[in-house]
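Read through the structure below, which is laid out as structure tokens, and then see the notes.
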Amino acid sequence: MAKKKLAEGLPSKQDILKYIADNPGMVGKREIAKAFGVGPELRVQLKGLLRELKAEGDINQGHGKRMAPKDSLPEVTLVDLVKLDRDGDLMGRPVEWTGDGEAPRIIFETGGKARRREMSDVGVGDRVLARVTRAGRSRYVGRVIKRLEKDEQPVLGVFTLTEDGEGRLQPTDKKVRHEYVIAQEHRNNAKPGEIVVAQPMQGRRFGLKTAKVIEVIGSSTDPKALSLIPIFSLGIPTKFSEAALHDAEKAKPVHLGQREDLRSIPLITIDPEDARDHDDAVFAEPDDDPNNPGGWHAIVAIADVAHYVRPGGALDHDARQRGNSTYFPDRVVPMLPEALSADLCSLVEHKDRACLAVHLWFDANGNKRRHKFVRGLMRCAAGLNYRQVQAAIDGMPDDAAQPFLEPVLKPLYACHAAVNKAREARQPLAINAPERRVVMGKNGHIAAIKPRDHMLSHQVIEDFMIMANVAAAEELEKRKQPCMYRVHEQPSDEKIDSLRKFLNTLDYKLAKGQGLRPMHFNAILDAAKGSEHERLINEVVLRSQMQAIYSPDNKGHFGLNLQKYAHFTSPIRRYADVLVHRALIRGLGLGDDGLPPEDDADFENIAEHISQTERRSMQAERDAMDRFVAAFMSEHVGAQFDGRITGVTRFGLFVELDETGADGFVPISTLGDDFYEHDEAHRALVGKRSHKRFRLGDGVTVRLAEATPVTGGLRFEIMGGDGASTNTRRGGAGGKPVVKKPTNRAPWSKHRSKKRK
């Protein structure tokens, strides 16, 4: 940088800030003085200027009195290593972060001999002292200085015996590579094959570490244990306090009082067949307003959880701690005790239930004209499931749906046809990412892995819930009440650049510029429909999106293409919805159980907490699904399947099977006698001698070599073992398994407005 010297001999504060911002490495007083030609006689004044900038919060000062712009990390910082990315590099986050927005990502690359040696003793879960260098607006590259010892946490694993009778613990976390020795006096009556909780012990400097069993969970061969593993390992609370259970048991049904009487309106619930609670009901009819020709009036009634879960009470404490319910194939860990979640708060048939309802009026094109919130008393006329409703609309009503076909279902679908016009004009992100589900047999074992159906009846309910959520956000802004927004920000520049480069390799062009909207992504998705790349492009577009979070600050919902959006429709299973209900009650003067003033200032902390509990539940649900799938696949070790490559790393390939959606790993060592290099730009492994390529999205035929239900791990081998020449199917868009299995493919879905309950 050219020297810049002002007349007074000192640079301005703005000049200093610009210099620090323009230099990605951290700078000190010496570099600043040299850059601006500040002589020794002015060094004291320069030091005072820098001290003022630091006091004003415009710069951070780190190790060795080095400086960086605010919202940046010090040169040497404490970092928690949190996960491996698809390339096998460790990703970390700073232990302390006081800047605006989310903490920056720190990547610890493992390439090169020096780096591999440096990273050999650290892994996910470790805390390290690291030297970090800014590599982007919210991205750093880290180098490990020292691994820090920390108190050993309990470990979940399977207790086994060696041939000579020595006790061993095999951790259920596949990231933990080593076993533990369990001495005879520390087994706590554990039997081989049981899942146990063990506490690591100090003592050995060499060889395997030791541990003692502190709790026996159950048999590793019992499918019910597969969901217990992530529940324990991720610390999801399973027991309610005695006070919360007492409050739930003594709760009583509500009376009409000052509530609006909705019991004469045939509100119905429409849920999955395996729903465990029912927190929303719907109704629609033509609008009788002559000024709204072709318009519609709809009602979305939601369980009035806020009536029972009062601020500061035991139920509130436990619900906030959980943040949300967590759903597994064989069980649910509810946010509220069963006396509420499955009874008094659940909108069951023919029972009077308290509700918070919103009346919605739409014009003929589905645009919302107005809305009105009321606190009511309703009586569910029918509890139907998605399949029943769709069959009735398609002309095959069963006995339960038949009485409601003409008065309720047909008007509901007609109203939705109008709402859908506005939805299509809005163009929300249209990623096709279906889900899979585990079908449990009567004996408690896994009967099948099947796709989760998505019918028009699902879309009908989803769109009505979205409009109710929009109305809630608008009403709270109008009433100047705090709102817990559901925020989904647009993708970062880094993710967009990476996506654009990859799409270019497939001859798809993503629009350039700063104004990318969902419609631009939809254009790519539409162009890929029916092509060999359709599934791949849906997946890479999904991966490019930001994760939705809760926030008291409205930053819009990019995926839904909405400016104002809050969760209002599922208070039985989401604490965010309870907060929105309380804010509406206070803002509309609907009772004395609204949001207390002291919670206003705490919304930011609550938002961070419930965003974390949501991520925890999502991780637990994914981990459990992986284990259930591995248990199902363990009966088919040795069989051949068609799949596609969903991840490419320098260590091997991730492959997803076409029918079950099972995801496993192909180690690079099994690809043949060639040396494969990682082509990051094209997301491929390329044979150095043969030039054979394994690319993201390619179809492959694999053999299931190993299935480990306890860890959820699957290991595949590419058939033939001689590379991609005869075993790679381009595009990965179809293909049948070489050995037919009674399963159907169903990959996971990240974005669902109304989740399985």
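The values are calculated or read from the model by the stated rules, or taken from the named source; none is laboratory data. Quantities reported herein were computed from a predicted structural model and do not represent experimental measurements. Backbone-built Cβ (ideal geometry, glycine too); neighbour counts: all protein chains shown. Side chains are part of the model used for accessible areas, which takes the heavy atoms of the whole protein and leaves out ligands, DNA and RNA. Shrake-Rupley method; radii C 1.70, N 1.55, O 1.52, S 1.80 Å.
Tabulated data for the structure shown
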item: Single condition GLY295 does not satisfy, out of (1) of a type in the set (Gly, Ala, Ser); (2) in contact with a helix residue (DSSP H, G or I) (Cβ under 9 Å, 6 or more places away or on another chain); (3) closer than 17 Å to HIS581 by Cβ; (4) at pLDDT 95 or above; result: (3)
item: Condition broken by THR711, with the remaining ones in (1) modelled with pLDDT of 90 or more; (2) within 28 Å of the chain's Cα centre (by Cα); (3) not aromatic (Phe, Trp, Tyr) satisfied; result: (1)
item: One residue from ALA468, ALA473, ALA418, ALA422 being hydrophobic (A, V, I, L, M, F, W, C), closer than 30 Å to PRO552 by Cβ, in contact with a Gly (Cβ under 9 Å, 6 or more places away or on another chain) and at pLDDT 95 or above; result: ALA422
item: Residue match in region 573-584 (condition: open to solvent by 20 Å² or more (accessible area, probe 1.4 Å) and touching a strand residue (DSSP E or B) at 6+ places or on another chain (Cβ under 6 Å)); result: yes
item: Test for LEU208: is it under 25 Å from the mean Cα position of the chain (by Cα) and of a type in the set (A, V, I, L, M, F, W, C); result: no
item: Given (1) at pLDDT 95 or above; (2) under 20 Å from the mean Cα position of the chain (by Cα); (3) not basic (Lys, Arg), number of the condition PRO491 does not satisfy; result: (1)
item: Candidate set: region 177-234, residues that are among the acidic types (Asp, Glu) and modelled with pLDDT of 90 or more; chosen: the one least open to solvent (accessible area, probe 1.4 Å); result: GLU194
item: Tally, over region 223-234, of residues that are in contact with a Ser or Thr (Cβ under 7 Å, 6 or more places away or on another chain), farther than 22 Å from SER341 by Cβ and of a type outside the set (Gly, Ala, Ser); result: 1
item: Subset of region 435-451 [open to solvent by less than 50 Å² (accessible area, probe 1.4 Å), out of contact with any His (no Cβ under 9 Å at 6 or more places or on another chain) and touching a residue at least 12 places away in the same chain (Cβ under 8 Å)]; result: ARG436, VAL438, GLY444, ILE446, ALA448, ILE449, PRO451
item: Condition check for ASP553: in a loop (DSSP other than H, G, I, E, B), exposed (fewer than 15 other Cβ atoms within 10 Å of the Cβ) and touching a residue at least 40 places away in the same chain (Cβ under 8 Å); result: yes
item: Qualifying strands (runs of 3 or more DSSP E) (wholly inside region 305-387; at least 1 residues being under 24 Å from GLU474 (Cα atoms)); result: 352-362, 368-379
item: Any hit, region 576-597, residues being within 29 Å of ARG543 (Cβ to Cβ), part of a loop (DSSP other than H, G, I, E, B) and under 18 Å from the mean Cα position of the chain (by Cα); result: no
item: Pick from region 86-111, criterion open to solvent by less than 40 Å² (accessible area, probe 1.4 Å) and of a type in the set (Gly, Ala, Ser), ranking: modelled with the lowest pLDDT; result: GLY111
item: Selection from region 459-499 of residues that are open to solvent by 30 Å² or more (accessible area, probe 1.4 Å), under 30 Å from ASP679 (Cα atoms) and part of a helix (DSSP H, G or I); result: ASP493, GLU494, LYS495, ASP497, SER498
item: Selected residue (criterion: modelled with the lowest pLDDT) from residues of region 30-57 that are surrounded by fewer than 15 Cβ atoms within 10 Å (Cβ to Cβ) and assigned to a loop (DSSP other than H, G, I, E, B); result: GLY57
item: Residue that is open to solvent by less than 30 Å² (accessible area, probe 1.4 Å), under 18 Å from PHE283 (Cα atoms), free of Cβ contacts under 8 Å to residues at least 60 places away in the same chain and not aromatic (Phe, Trp, Tyr), where the choices are ALA357, ALA401; result: ALA401
item: Selection from region 235-256 of residues that are open to solvent by 70 Å² or more (accessible area, probe 1.4 Å) and either in contact with a Ser or Thr (Cβ under 7 Å, 6 or more places away or on another chain) or not acidic (Asp, Glu) (or both); result: THR238, LYS239, HIS246, LYS250, LYS252, PRO253, HIS255
item: Test: ASN522 is touching a residue at least 24 places away in the same chain (Cβ under 8 Å) and either within 22 Å of the chain's Cα centre (by Cα) or open to solvent by 40 Å² or more (accessible area, probe 1.4 Å) (or both); result: yes
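Residues checked against (1) of a type outside the set (Asp, Glu); (2) more than 25 Å from ARG693 (Cβ to Cβ):
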position	(1), (2)
ARG479	yes, yes
LEU499	yes, no
ASP507	no, no
PHE521	yes, yes
GLY530	yes, no
ILE537	yes, no
LEU542	yes, no
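Per-residue answers, yes or no, for (1) surrounded by 22 or more Cβ atoms within 10 Å (Cβ to Cβ); (2) in contact with a Leu (Cβ under 9 Å, 6 or more places away or on another chain); (3) part of a strand (DSSP E or B); (4) modelled with pLDDT of 90 or more:
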position: GLY638; (1), (2), (3), (4): no, yes, no, yes
position: ILE645; (1), (2), (3), (4): yes, yes, yes, yes
position: VAL648; (1), (2), (3), (4): yes, yes, yes, yes
position: VAL666; (1), (2), (3), (4): yes, yes, yes, yes
position: GLY672; (1), (2), (3), (4): no, no, no, no
position: THR701; (1), (2), (3), (4): no, no, yes, yes
